[in-house]
Amino acid sequence: MKQGYWMLVLHAHLPFVKHPDYDYFLEENWLFEAITETYLPILLNLKKLEAENVHFRLTSSVTPPLAEMLADYHLRDKYIKYLDRSIELDGKELWRTKDDPNFKPVVEMYRDRLNTLKGFLINDLDGSVLNGYKYFQDKGYLEIITCGATHGYLPFMTNEKAVRAQLEVAAQTHEKHFGRRPLGIWLPECAYYAGLEYKLEEAGIKYFFVDTHGILYSKPRPRYGTYAPVYAKNGTAAFGRDYFSSKQVWSSKEGYPGDLYYRDFYRDIGYDLDYEYIKPYICPDGTRVFTGLKYHRITGDSEYKEVYQPDIAYSKTIDHAKHFVQGREAQINEVGDIIDRKPLIISPYDSELYGHWWFEGPDFLMNVFREMDKSDTVKAVTALEYLGEFPTNQVVDVNPSSWGDEGYYKVWLNTGNDWIYRHLHFMADNMTMLAGKYKDGTDSLKTRCLNQLARELLLCQASDWAFLITTGTATEYSTERTREHIYNFMKLYGMLEDSRIDIGYLEWLENKNSTFQGIDYRIYA
């Protein structure tokens with residue numbers, strides 16, 4: 001029997017969305033759904049593992065925009081209202097289905113689940129999801145890494161100071177929320193370009209992650225493939241995604257989430273039930289949306305869906321966890337004889353896959369750790385633990401790449417979104433010019449204006465907008481957000497240069513786009 005390691009890496013990210021002028025704003029639900037379906041369930045399951053004395057280790061980014069939203073009291077208050085509204089709707093559903101033996105168990109499952117999550121958030125986490133991440137970080141179970149300040153697509157930033165600002169603001173924000181500078185980073189969209197490692201080094205980053213071909217196509221070709229990290233020439237470590245473990249989860253044809261007994265994502269009572277009944281729980285304008293209460297299982301490819309059975313679905317997570325761990329053991333036994341160290345299998349995923357898209361995902365992960373705790377072959381590990389045991393690694397030129405469709409950059413630069421970048425380049429160049437011009441400035445109002453200019457640039461650089469335009473998922477909102485930040489930047493720029501700052505407008509922007517409160521525009525100087 002050989003021995004090796006498995007590294008779970010989750011990417012917890014959402015773009016910064018805050019609309020204080022509205023009691024309800026659809027895109028804020030991206031955050032609320034992720035808290036309810038992904039972040040809280042994962043943290044709650046980690047508590048169960050801790051109580052059972054199961055060995056577990058995981059790495060997770062909590063990106064700066066997500067951390068800022070999770071810490072924002074306005075959004076935290078809105079989330080509690082969102083959660084209470086879900087609990088209220090489920091209460092009505094309990095009454096509606098009280099005589100229906102098919103649907104009643106599912107509705108009761110949601111009742112127990114929602115109330116448990118609310119109690120966990122308020123009583124165990126003191127109302128803050130970030131407290132859960134910090135708890136497991138401080139216990140040594142969780143290695144929290146950062147990302148770009150706003151998930152900006154680094155290969156397209158022609159202004160090197162813009163790259164530096166994305167990384168340094170990210171590191172500062174991470175330290176604010178987690179009490180320490182980050183040592184690792186999930187590159188935005190896993191997008192690497194040659195020389196980026198030197199910017200990472202400036203920010204204190206020791207390691208980063210890339211997709212499989214980012215390692216396999218390196219020069220010289222890595223001796224151990226993706227079964228060990230490599231070093232860039234400055235000593236920054238790069239870890240590559242394992243193809244096989246990723247396929248078992250991501251593949252639409254072979255992946256576990258497609259099991260016919262798992263919950264169907266798209267079938268939701270927000271669309272299924274009578275309009276007048278469901279109206280208080282959808283958009284105020286009457287647009288039907290997901291409520292989170294979904295009563296059917298995948299069943300098959302047809303429109304017909306059978307009723308979801310939570311107990312059977314949970315048993316499936318146990319079976320799939322055993323199969324997953326057996327797969328990792330087989331990989332380790334296969335390569336253990338041909339490399340001179342313990343093989344490392346790296347499995348990076350979007351956090352929202354677990355819970356939001358794949359409802360049973362958090363239970364699957366919990367059962368993976370339970371099964372792995374029994375294994376004599378494979379053990380969960382973090383990047384720093386592995387580098388501590390194997391500090392000597394091959395030096396290569398990492399291959400430019402991303403984890404987008406076809407592996408490179410086209411998702412974020414194509415005929416649908418290419419109009420964005422001339423504005424981003426103009427804004428970045430002018431931000432660096434202004435930072436140099438006013439680097440010794442002492443006028444407090446101009447300082448506030450310059451800091452807000454920096455925020456607007458960072459928010460406009462978020463790779464989410466170009467991605468969503470390409471996928472057509474939220475094209476209108478993404479386009480408007482991009483245009484909004486361009487407009488805000490240009491208006492502030494004009495007011496600053498004319499020495500006629502509209503205080504009311506500035507205050508409104510400071511409240512709405514309130515991220516990175518401690519930012520100093522001189523970071524662009």
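The values are calculated or read from the model by the stated rules, or taken from the named source; none is laboratory data. What you see is a predicted model, and the numbers here were worked out from it, not measured in a lab. No Cβ is skipped: glycine too gets one built from the backbone with ideal geometry, and neighbour counts run over all protein chains shown. Just so you know, the surface numbers come from the protein's heavy atoms only, side chains and all, with ligands and any DNA or RNA stripped out. Shrake-Rupley method; radii C 1.70, N 1.55, O 1.52, S 1.80 Å.
Tell me which chymotrypsin sites (Phe, Trp or Tyr not before Pro) from region 318-366 have a DSSP coil assignment and no more than 16 other beta carbons within 10 Å of their own. Of the chymotrypsin sites (Phe, Trp or Tyr not before Pro), the ones in loops of region 318-366 whose Cβ has at most 16 other Cβ atoms within 10 Å are Trp357. Computed on protein heavy atoms with a 1.4 Å probe, the accessible areas place Val62, Val395 in the order Val395, Val62, largest first. For Leu130, neighbours were defined as the other residues whose beta-carbon sits under 14 Å from its Cβ, and their charges (Lys and Arg +1, Asp and Glu -1) total -2. Summing charges over neighbours of Glu189, with a neighbour being any other residue whose Cβ is under 14 Å away from its Cβ, gives -3 when K and R count +1 and D and E count -1. Projecting the Cα positions of Ala321, Tyr304, Ile278 onto the charge dipole of region 238-326 (unit charges on Cβ atoms of Lys, Arg, Asp and Glu, taken about the Cα centre) puts Ala321 furthest along the positive direction.
A cut-off under 12 angstrom between Cβ atoms defines the neighbours of Leu468, and their net charge, with Lys, Arg +1 and Asp, Glu -1, is -3. Per residue, the accessible area of region 90-219 comes to 40 Å², computed with a 1.4 Å probe over protein heavy atoms only.
Along the axis of the charge dipole computed for the chain (Cβ charges of +1 for Lys and Arg, -1 for Asp and Glu, origin at the Cα centre), the listed residues Asn53, Thr97, Thr287 are led at the positive end by Asn53. Kirkwood radius, region 400-453, all distinct C-alpha pairs, inverse of mean reciprocal distance: 13.8 Å. Ranking Ile42, Asn29, Tyr79 by Cα position along the charge dipole of region 17-108, where only Lys, Arg, Asp and Glu carry charges on their C-beta atoms, puts Ile42 farthest toward the positive end. Measuring spread by the Cα atoms of region 218-269 yields a radius of gyration and Dmax of 17.7, 54 Å. Helix-only arithmetic for the chain: the sum of -39500 (n - 2.57) across DSSP H runs with n ≥ 4, divided by the residue total, places the mean residue ellipticity at 222 nm at -15000 deg cm²/dmol.
Surface composition of region 294-453: carbon plus sulfur atoms contribute 51% of the solvent-accessible area (1.4 Å probe, protein chains only, all chains present).
Dipole magnitude for the chain: about 1100 debye, using +1 per Lys or Arg Cβ and -1 per Asp or Glu Cβ, origin at the Cα centre.
Summary of the geometry: region 385-412 and region 28-72, compared by the centres of their Cα atoms, lie 25 Å apart. At a probe radius of 1.4 angstrom, the accessible area of region 261-350 per residue rounds to 48 square angstrom.
A simple charge model with +1 on the Cβ of Lys and Arg, -1 on the Cβ of Asp and Glu and nothing else charged puts the dipole of region 430-525 at about 180 debye relative to its Cα centre. Roughly how many Å is it from the Cα centre of region 436-512 to that of region 172-202, as a whole number? Their Cα centres are 23 Å away from one another.
When only the Cβ of Lys, Arg, Asp and Glu is charged (+1, +1, -1, -1), the dipole of region 137-209 relative to its Cα centre reaches about 160 debye.
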